[in-house]
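This structure is in structure tokens; I'll ask about it shortly.
The values are calculated or read from the model by the stated rules, or taken from the named source; none is laboratory data. Since the structure is predicted, the reported quantities are computational estimates derived from the model, not experimental observations. So basically every Cβ, Gly included, is an ideal-geometry build from the backbone, and we count neighbours across all protein chains shown.
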Amino acid sequence: MSLLERLRRGHLGDRQFARLWTNGGGDPHLESCARCQARFEEFNNWVNGIGEELRADADRAFSQERLAAQQAQIARRLEGLERPARVLAFPRAARAVIAGNSHVRRWVTAAAAAGLIAGVGLGQMLDLRRSLDSRQMAPSTVTHLADARGHAGTVLPASRSVNDEDILSDAEAFARPHVAALVPLEDLTPHARDLMDRPR
Amino acid sequence: MSGTSAALTAAREADASAASAVKALQAQGSHAEARERYAELVARHQRRAGRIAYHYLRDAAEADEAVQDAFVKAYSHLPSFREELPFDVWFTRILINGCLDRIKARTRRERWLLPMSSVAAAGVDGVPAERDLSERVASVGPSPEDALLTRERRRRIAEALAKLPQRQRAVFVLSHVEGHTSREVSAMTGLNESTVRVHLFRAIRRLRSLLAPSAPAEPAEVRGKRRVTS
């Protein structure tokens, strides 16, 4: 039946059939028109046929064996839900080395770091102190040029002249043993300076 | 029809009592008994769940996994199940959400992978290889011609269904293939009842146009041969 003829006679089309099929209810024309009733019957069969085909297709994919296997798998998974997850322990030795020592190692590392920081700090302080001492000593030993210029014509003698002989004699005196029993032993021991002074 | 609805009511009552019993057993800590009782629910809804998942995912193995996941999830969330909602509606919602997650994951995966898997799955003539294997086994069923026609008809229907937008497809499968009412489909999908009916109407119209007899599809074998010779 052509669309034009259908419209002329007021017959129902697929759209109306689909609406009737979806929402239910009746249609005045459908109740009176045998032709539309037949077509609607055919439409109904067609939709139901699709449903049956789709069901059959899916049922073929899920055979009885497959469903039984699926059921067993679900049962296994449900059983597994109640068991807490197993944690595999490391070997004893590995645990002793890694887990047991990590705490101690952390403390040792922290102590070493603290010692290093304290050492560096102390060293810095000592350096600072030494430099301050040397600054305090400097004005008495060094004759400043500016002062010399300021007192033109007058030469200011240094309070204490520093020369190599004094330093060496101080060092030698310091190097000599202070215990009397060791002095003879010291005299017997050759010194590098004596060896160097000896003519070749 | 009244017989069907009476059977449905009886089945739902059985579901409700089984679900309540499982909840109570879970609360008591009798897990073995709870599992045993839950197996009843699994057996009752397994096939239907498989059909829904299959129509969503179009892959038997993936549908199988989706069904398993849904049953396991439903069991662990059973304490939050409200008895005023039928168990099948609640469970189907879990299943559909799982299927949608899988579809999303698959789409992401396919974006990065070469379409080799689809080529392998589709077989030579567009029919999944898995099916080909089962169909090669000699059977005492319908004749080869009938089997071919049936297969072809199902393939066309499946293709047409796959062409529907996701919501239309879901509504059509749930309401027509699984026989749920608009209200139940609304509860399962989270859509309005009127929206469900609109989707169903559109799905039928689209299927009608896709499967119109004016554009008959050639059997897959013929198409396959032509593709080879051309």
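Looking at region B:70-80, which of the residues that are at the interface with chain A (Cβ under 9 Å from one of its Cβ atoms) and touching a residue at least 24 places away in the same chain (Cβ under 8 Å) is nearest to B:H31 (Cα to Cα)? Reasoning before the result, please.
Looking only at region B:70-80, we keep the residues that are at the interface with chain A (Cβ under 9 Å from one of its Cβ atoms), and these are B:71-72, B:75-76.
Pick out the ones that are also touching a residue at least 24 places away in the same chain (Cβ under 8 Å) and you get B:71, B:75.
Working: B:F71: 16, B:Y75: 11 Å.
Checking each candidate, the answer is B:Y75.
Could you please find all residues in region B:165-198 being touching a Lys or Arg at 6+ places or on another chain (Cβ under 6 Å) and surrounded by 24 or more Cβ atoms within 10 Å (Cβ to Cβ)?
Listed by number, the list holds a single entry, B:M188.
With respect to the numbered conditions (1) assigned to a helix (DSSP H, G or I); (2) more than 14 Å from every other protein chain (Cβ to nearest Cβ), which one is the sole condition not fulfilled by B:E84?
It is condition (1) that B:E84 fails.
Separate question: Determine if region B:97-108 includes at least one residue that is modelled with pLDDT of 90 or more, under 22 Å from A:E53 (Cα atoms), in a helix (DSSP H, G or I) and not assigned by TED's automatic domain parsing to the domain that holds B:V173.
Yes, region B:97-108 contains at least one residue that is modelled with pLDDT of 90 or more, under 22 Å from A:E53 (Cα atoms), in a helix (DSSP H, G or I) and not assigned by TED's automatic domain parsing to the domain that holds B:V173.
Conditions (1) acidic (D, E); (2) over 30 Å from A:E52 (Cβ atoms), marked per residue:
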{"site": "B:A11", "(1), (2)": "no, no"}
{"site": "B:A21", "(1), (2)": "no, yes"}
{"site": "B:L25", "(1), (2)": "no, yes"}
{"site": "B:Q28", "(1), (2)": "no, yes"}
{"site": "B:A32", "(1), (2)": "no, yes"}
{"site": "B:E36", "(1), (2)": "yes, yes"}
{"site": "B:L41", "(1), (2)": "no, no"}
{"site": "B:A49", "(1), (2)": "no, no"}
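What number of residues within region B:37-58 satisfy the criterion of being within 10 Å of the chain's Cα centre (by Cα) and either buried (at least 20 other Cβ atoms within 10 Å of the Cβ) or more than 9 Å from chain A (Cβ to nearest Cβ) (or both)? If you could, list the steps in order and put the result at the bottom.
To start, the set of residues in region B:37-58 that are within 10 Å of the chain's Cα centre (by Cα) comprises B:47-58.
Retained after the next criterion (residues that are either buried (at least 20 other Cβ atoms within 10 Å of the Cβ) or more than 9 Å from chain A (Cβ to nearest Cβ) (or both)): B:48-58.
Here the count works out to 11.
Which of the residues belonging to region B:86-101 are without any contact (Cβ under 8 Å) to a residue 60 or more places away in the chain and either farther than 24 Å from B:R47 by Cβ or touching a helix residue (DSSP H, G or I) at 6+ places or on another chain (Cβ under 6 Å) (or both)?
Result: B:F91, B:I94, B:L95, B:G98, B:C99.
Hey, another quick one. Which ones in region B:60-101 are of a type in the set (D, E, K, R), crowded, with 19+ Cβ neighbours inside 10 Å and under 13 Å from the mean Cα position of the chain (by Cα)?
Step one: list which residues in region B:60-101 are of a type in the set (D, E, K, R), which gives B:62, B:64-65, B:69, B:73, B:82-84, B:88, B:93, B:101.
If we keep only those that are crowded, with 19+ Cβ neighbours inside 10 Å as well, we get B:64, B:69, B:88.
Result: B:D64, single match.
Additional query: Name the residue, out of B:E40, B:E83, that is touching a Ser or Thr at 6+ places or on another chain (Cβ under 8 Å) and touching a residue at least 12 places away in the same chain (Cβ under 8 Å).
Details: B:E40 fails: touching a Ser or Thr at 6+ places or on another chain (Cβ under 8 Å).
Among B:E40, B:E83, only B:E83 is touching a Ser or Thr at 6+ places or on another chain (Cβ under 8 Å) and touching a residue at least 12 places away in the same chain (Cβ under 8 Å).
Please specify each residue of region A:155-191 satisfying the condition of being aromatic (F, W, Y) and modelled with pLDDT of 75 or more.
Going residue by residue through region A:155-191, those that are aromatic (F, W, Y) are A:174.
Passing the criteria: none in range.
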